[in-house]
Amino acid sequence: MGFKILAINPGSTSTKIALYDDEQPTLALTLRHSAEEIARFPRIIDQLDWRKEMVLEALAKTVSYTHLRA
């Protein structure tokens, strides 16, 4: 049985998500954020819950992620 890997790259104006089945990419998404959206957060760490919800919503629309383990 192979590994399912979820990679998340939070950048300054986007959050990139990639899902791999072992080394094979099965999904790649880029969630764009406006300067106004980012400006609402005084510190980078304050974006955590917001970005997490965006990632979960995007995954729920595209794949079943209930089998992923951290």
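Using a cut-off of 13 Å between beta-carbons, work out the net charge of the residues near Ile45 (Lys and Arg +1, Asp and Glu -1, Ile45 not included). The partial results should precede the final answer.
Values: positive: Arg43, Arg51, Lys52; negative: Asp46, Asp49.
Taking every Cβ under 13 Å from that of Ile45, the sum is +1.
Rounded to the nearest 500, what is the 222 nm mean residue ellipticity of the chain from helices alone, with -39500 (n - 2.57) per DSSP H run of 4+ residues and division by all residues? Don't skip to the end; give the middle numbers.
Working: 2 runs with 20 residues, N = 70.
Helices in the chain give a 222 nm mean residue ellipticity of -8500 deg cm²/dmol.
Model label sites at Asp21 and Val63, defined 7 Å from Cα along the beta-carbon direction, differ in position by 1.0 nm. In terms of overall dimensions, the chain has a Cα radius of gyration and Dmax of 13.2, 44 angstrom. Can you tell me the 0 to 90 degree angle between the C-alpha axis of helix 48-62 and the longest principal axis of the chain, rounded to 10? Once rounded, the angle reads 40 degrees.
Per residue, the average separation of C-alpha pairs within less than 8 Å and at least 6 apart gives the chain a relative contact order of 22 percent.
No lab work stands behind these numbers, since they all come straight from the coordinates. Note that the structure is predicted; figures quoted are calculated from it, not measured. Heads up, the Cβs are rebuilt from the backbone with ideal geometry, glycines too, and the neighbour counts pull from every protein chain shown.
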